[in-house]
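Take a look at the structure below.
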Amino acid sequence: PELGEPMSLDLRENYPALGRLQMDLAAMSFACNLTRVASIQFSNAVGNHIHTWLGHNRGHHDFSHDGNSIAATQQALVEINTWYAEQFAYLLGKLDSIPEGDGTVLDNTVVVWVNELGRGNSHSRDNIPVVMAGGAGGQFETGRYLRYFSESHNNLLISLQNAFGIQDTVFGDPSYCSGALAGL
């Protein structure tokens, strides 16, 4: 669509453009200091979005339930996840291009990319990948790969709220909390 032209929110073809607009809006909102918090969710877990621009004709959710040994499915999932990684990189690039203080907006922000499952076909909650970028104004050391075993999302969220000055030891259901992640 051209600038000023209405865009259908229902068309699959507009999914990438709508995502970019949401990321641009978040970056500009940070740059203008209209907000310091944003959440972007491309789809829900069972939304079964079909990534037609990648050449797929099956939904992401359907692919995620296939067996691990189906090579075509694994290739489709790699392509889809690569596309999402490219979107994440786009957002990081936008934030890194905006000067702020002695650095950039990205230096003063933390961006978290997370999935709710480790593997879709088993609904496992083990080995859930999380990517964090940005130093949150010096709160987090960047450029590292960390692996936490037997830790819940709640503990990551405790760590994030602590970085924002909220000194709490619980986030959500206390039975899933053991405190902030050590070494984060």
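Looking at segment 65-73, can you tell me whether even one residue there is within 24 Å of Gly135 (Cα to Cα), surrounded by 15 or more Cβ atoms within 10 Å (Cβ to Cβ) and out of contact with any strand residue (DSSP E or B) (no Cβ under 9 Å at 6 or more places or on another chain)? Please lay out each step first, then the result.
Kept after step one, since they are within 24 Å of Gly135 (Cα to Cα), are these residues of segment 65-73: none.
No: zero hits.
Please indicate, with yes or no, whether at least one residue in segment 73-88 is touching a residue at least 12 places away in the same chain (Cβ under 8 Å), of a type in the set (S, T, N, Q) and closer than 21 Å to Gly138 by Cβ.
No, every residue in segment 73-88 fails to be touching a residue at least 12 places away in the same chain (Cβ under 8 Å), of a type in the set (S, T, N, Q) and closer than 21 Å to Gly138 by Cβ.
Residues are listed down the side, and each one gets a yes or a no for (1) open to solvent by 70 Å² or more (accessible area, probe 1.4 Å); (2) within 30 Å of His56 (Cβ to Cβ); (3) at pLDDT 90 or above; (4) among the basic types (Lys, Arg):
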site: Glu79; (1), (2), (3), (4): no, yes, yes, no
site: Thr82; (1), (2), (3), (4): no, yes, yes, no
site: Leu91; (1), (2), (3), (4): no, yes, yes, no
site: Asp102; (1), (2), (3), (4): yes, no, yes, no
site: Glu116; (1), (2), (3), (4): yes, yes, no, no
site: Gly134; (1), (2), (3), (4): no, no, yes, no
site: Tyr148; (1), (2), (3), (4): yes, no, no, no
site: Ser159; (1), (2), (3), (4): no, no, yes, no
site: Pro174; (1), (2), (3), (4): yes, no, yes, no
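Count, please, the residues in segment 148-162 that happen to be under 19 Å from Ala133 (Cβ atoms) and either in contact (Cβ under 8 Å) with a residue 60 or more places away in the chain or small (Gly, Ala, Ser) (or both).
Qualifying residue count for the region: 1.
The values are calculated or read from the model by the stated rules, or taken from the named source; none is laboratory data. As the structure is a prediction and not an experimental result, all values here were calculated from the model. Heads up, the Cβs are rebuilt from the backbone with ideal geometry, glycines too, and the neighbour counts pull from every protein chain shown. Areas reflect the complete protein model, heavy atoms only, side chains present, ligands, DNA and RNA absent. Shrake-Rupley method; radii C 1.70, N 1.55, O 1.52, S 1.80 Å.
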